[in-house]
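Input: a single structure, listed below in structure tokens.
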Amino acid sequence: MTDQCSQTEGEKIVTKFKEQEQSFDEFDEAINPPPEVTEFDHVVDEALSRRGFLGGVMAFGAGSFVLGTSVFGAGEAAAQNSRLGFKQVAANTLDDITLPDGYSSHVVIRWGDPMFSGVAEFDHATRGNGESQAGAYGDNIDGMALFELGDASVLVNNNEYTNRKIIWGNRPEGKSETDDDVLKGMMAHGVSVIEIAKGDNGWALVKDSKYNRRITPQTEMEITGPAAGHALMQTEADPAGKLTKGTWNNCGNGRTPWGTYLACEENFNGYFSSSNPDIERTDAQKRYGVNVEDWGYGWAQIDDRFDIAKHPNESNRAGWVVEIDPSDPTSTPKKRTALGRFKHENAEVVVNGDGRIVVYMGDDERGEFLYRFISDGVYAEGADNSDLLAEGTLYAAKFHPDGTGQWLALTPETTGMASAAEVVINARTAGSKVGATTMDRPEWVAANPKKAEIYCALTNNKNRAIKPNAGGDPTPAMGPNPRAENHYGQIVRWWPSGGNHTSDSFTWDLFALAGNPTVHQDAYGGSVNINEGNMFNSPDGLFFDTKGLLWIQTDGNYSNEEDFAGHGNNQMLVGDPATGEIKRFLVGPKECEVTGAAMSSDGKTLFVGIQHPGERGDSHWPEGGDSVPRSAVIAVTRDDGGQLG
Ligand code: FEO
Ligand code: CA
Ligand code: CA
């Protein structure tokens with residue numbers, strides 16, 4: 001065992017994370033502290049003063065921040081005309097799924113379930129091995145999409161990461177002991193493509209379906225777009241810089257109208273390490289948090305491309321959106337570099353009125369940016385649309401405090417960077433150079449199918465008005481990020497000018513400020529559509545159903561104490577964009593995150609991802625007893641067979 005007393009501060013931080021006492025973000029932040037900015041306090045004071053916030057956030061209620069007018073209508077009138085046709089469930093801390101009366105759920109597939117004959121069933125004692133995991137469903141389900149291909153229902157899921165203490169819980173220390181342990185962890189990452197079918201017991205896996213496929217950190221992928229072939233993308237294994245291996249830490253997702261799935265690479269940095277602890281990291285490695293220590297996965301132990309001392313460019317080949325064709329299990333996934341390299345949450349795809357493809361994307365890190373991609377080409381039904389994401393222009397958002405905003409193009413001309421390739425590889429730097437707005441961790445973006453209106457969950461940001469981002473950009477509490485030390489999060493929405501998603505201007509407001517009105521009477525109590533009955537923190541997953549209702553999933557503090565008293569476990573809610581009304585629909589089991597969802601085209605089944613139940617050791621969901629907790633997809637249906645929502 002490591003003696004923590006003899007450790008340096010840096011070593012203590014790493015130990016704390018490896019013991020899983022810290023989240024991804026807390027660790028990343030601690031190991032990569034933002035630079036000192038001497039002018040920063042001054043900038044914040046000025047912003048607060050200008051907005052009449054000098055009395056601190058207590059003065060917030062009288063401030064001029066932009067809250068949606070519809071949000072103020074959320075009350076008796078909204079409830080009487082509610083489009084949310086279910087009785088809200090109460091917050092709770094049960095180790096189970098809670099749904100409104102008249103709704104039921106069942107498990108469709110769990111981490112470790114074999115997808116093919118000949119692969120061993122999940123073993124609760126060993127939790128599998130490298131070989132079994134490669135043929136089994138991955139861990140920690142996140143983004144998902146359902147593709148209805150003829151008679152086949154094909155569900156595609158990201159398997160974002162693995163809970164090390166659980167997957168290696170067969171070892172006394174809860175850490176990997178052998179190379180095969182490391183391989184088992186690696187194979188639990190990536191994407192799982194499965195055919196599912198509805199039988200007497202509900203939805204279940206079709207084992208050995210021709211569609212079934214595991215995409216892992218070892219699957220060959222093509223690099224497309226402006227970064228393909230650039231010197232920063234070239235490695236010893238791939239001198240041309242056009243072929244790479246694998247995808248990992250796939251968080252949210254997207255889907256295209258031409259039938260492909262977009263897997264978004266988020267905390268890709270935490271898997272790289274250096275065999276030389278004295279290596280001098282580049283500014284880009286620092287901005288993206290690529291470090292000499294990994295986050296406890298140990299991948300460099302079995303594959304030296306994860307060793308930045310030996311292969312410094314490998315980390316440039318991660319942090320992208322990956323396009324996958326679920327209809328062809330032999331197809332080569334494509335990394336779409338035109339969409340930029342950052343810690344991608346999801347990729348919300350919209351077909352603009354003129355046929356161009358617009359993709360909205362968040363970079364989930366404190367003080368990072370919101371992005372938009374516009375394709376050069378246009379979509380046409382029945383045409384070959386397969387490379388529309390290869391070429392186009394990337395933008396970052398600038399929000400003005402008066403409720404207007406602009407998209408700022410990221411090009412060599414606007415940024416002073418040397419090439420289009422460098423702009424996309426170091427998109428964060430490009431966003432800093434044009435002065436994009438530092439956001440409170442942009443998570444999922446969702447576009448309303450009924451109108452040109454887009455929502456983004458800004459999950460939380462304890463550093464708001466406290467520290468700059470990793471590039472030194474200030475983070476004043478203003479605009480869509482109005483609360484200092486924001487630990488509740490908010491949902492911003494915007495309307496492109498003229499209903500045109502390619503317009504460079506927009507207007508915006510806040511759909512909801514999460515909070516706790518039972519604890520706080522100021523801005524931390526939340527917006528008026530947040531009340532004791534529906535309160536939550538850290539909105540994360542967002543998606544719209546075909547009726548234009550906004551589903552909200554949370555990944556927050558589930559302590560149910562103090563500032564979070566009454567919030568209970570992580571949950572899923574539904575909001576009505578027209579009235580601002582929000583109701584709680586589902587509560588997840590202990591220590592889980594609710595993330596990823598897909599609706600069947602008949603609107604009668606909602607698939608929902610339950611990620612990391614028992615991440616701190618206090619859950620046996622879904623099997624109960626003494627079983628190992630397992631991330632799983634559930635299917636939610638109405639008992640009367642009707643549509644959800
Ligand atoms: Fe994987 Fe930003 O959550
Ligand atoms: Ca997320
Ligand atoms: Ca999150």
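Table for the structure above
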{"read-out": "Per-region count, segment 582-626, residues among the basic types (Lys, Arg) and under 29 Å from residue 152 (Cβ atoms)", "value": "1"}
{"read-out": "Flag if residue 386 is over 29 Å from residue 554 (Cα atoms), modelled with pLDDT of 95 or more and surrounded by 23 or more Cβ atoms within 10 Å (Cβ to Cβ)", "value": "no"}
{"read-out": "Pair list, Cβ under 6 Å, 6 or more apart: segment 538-553 residue within 16 Å of ligand 3 (Cβ to nearest atom), other residue hydroxyl-bearing (Ser, Thr, Tyr) and not in a strand (DSSP E or B)", "value": "538/459; 540/459"}
{"read-out": "Conditions (1) within 23 Å of the chain's Cα centre (by Cα); (2) surrounded by fewer than 24 Cβ atoms within 10 Å (Cβ to Cβ): number failed by residue 418", "value": "(1)"}
{"read-out": "Subset of segment 323-350 that is closer than 23 Å to residue 153 by Cβ and either in a helix (DSSP H, G or I) or acidic (Asp, Glu) (or both) - its residue that is farthest from ligand 2 (Cβ to nearest atom)", "value": "328"}
{"read-out": "Answer residue from segment 263-299, given it is over 25 Å from the mean Cα position of the chain (by Cα) and over 21 Å from residue 341 (Cα atoms) and is least open to solvent (accessible area, probe 1.4 Å) among those", "value": "274"}
{"read-out": "Selection from segment 400-441 of residues that are over 17 Å from residue 364 (Cα atoms) and assigned to a strand (DSSP E or B)", "value": "404, 405, 406, 407, 408, 409, 410"}
{"read-out": "Subset of segment 240-256 [over 22 Å from the mean Cα position of the chain (by Cα) and of a type in the set (Val, Ile, Thr)]", "value": "244"}
{"read-out": "Count of residues meeting criterion [more than 12 Å from ligand 1 (Cβ to nearest atom) and closer than 15 Å to residue 437 by Cβ] in segment 359-379", "value": "6"}
{"read-out": "From the options 73, 55, 63, residue that is on the phi < 0 side of the Ramachandran plot, at pLDDT below 55 and loosely packed, with under 13 Cβ neighbours inside 10 Å", "value": "55"}
{"read-out": "Of residues in segment 578-593 being more than 15 Å from ligand 2 (Cβ to nearest atom) and closer than 20 Å to residue 101 by Cα, the one farthest from the chain's Cα centre (by Cα)", "value": "581"}
{"read-out": "Test: residue 344 is within 16 Å of ligand 3 (Cβ to nearest atom), in contact (Cβ under 8 Å) with a residue 24 or more places away in the chain and either open to solvent by 30 Å² or more (accessible area, probe 1.4 Å) or within 30 Å of residue 195 (Cβ to Cβ) (or both)", "value": "yes"}
{"read-out": "Residue within segment 300-309 that is open to solvent by less than 20 Å² (accessible area, probe 1.4 Å) and either within 16 Å of ligand 1 (Cβ to nearest atom) or part of a loop (DSSP other than H, G, I, E, B) (or both) present", "value": "yes"}
{"read-out": "Residue satisfying all of: in segment 226-271; charged (D, E, K, R) and assigned to a strand (DSSP E or B); nearest to ligand 2 (Cβ to nearest atom) among these", "value": "265"}
{"read-out": "Count - residues of segment 554-577 that are touching a residue at least 24 places away in the same chain (Cβ under 8 Å), of a type in the set (Asp, Glu) and away from ligand 2 (no atom under 14 Å from the Cβ)", "value": "3"}
{"read-out": "Residue check for residue 447: over 20 Å from the mean Cα position of the chain (by Cα), farther than 15 Å from residue 340 by Cα and open to solvent by 10 Å² or more (accessible area, probe 1.4 Å)", "value": "no"}
{"read-out": "Hey, residue 584 basic (Lys, Arg) and over 18 Å from residue 544 (Cα atoms) or not", "value": "no"}
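The values are calculated or read from the model by the stated rules, or taken from the named source; none is laboratory data. Worth saying up front: this structure is predicted, and the values here are computed from it rather than measured. Cβ coordinates were reconstructed from backbone atoms using ideal geometry, including for glycine residues, and neighbour counts include every protein chain displayed. Heads up: the accessible areas ignore ligands, DNA and RNA and are worked out on the full protein's heavy atoms, side chains in. Shrake-Rupley method; radii C 1.70, N 1.55, O 1.52, S 1.80 Å.
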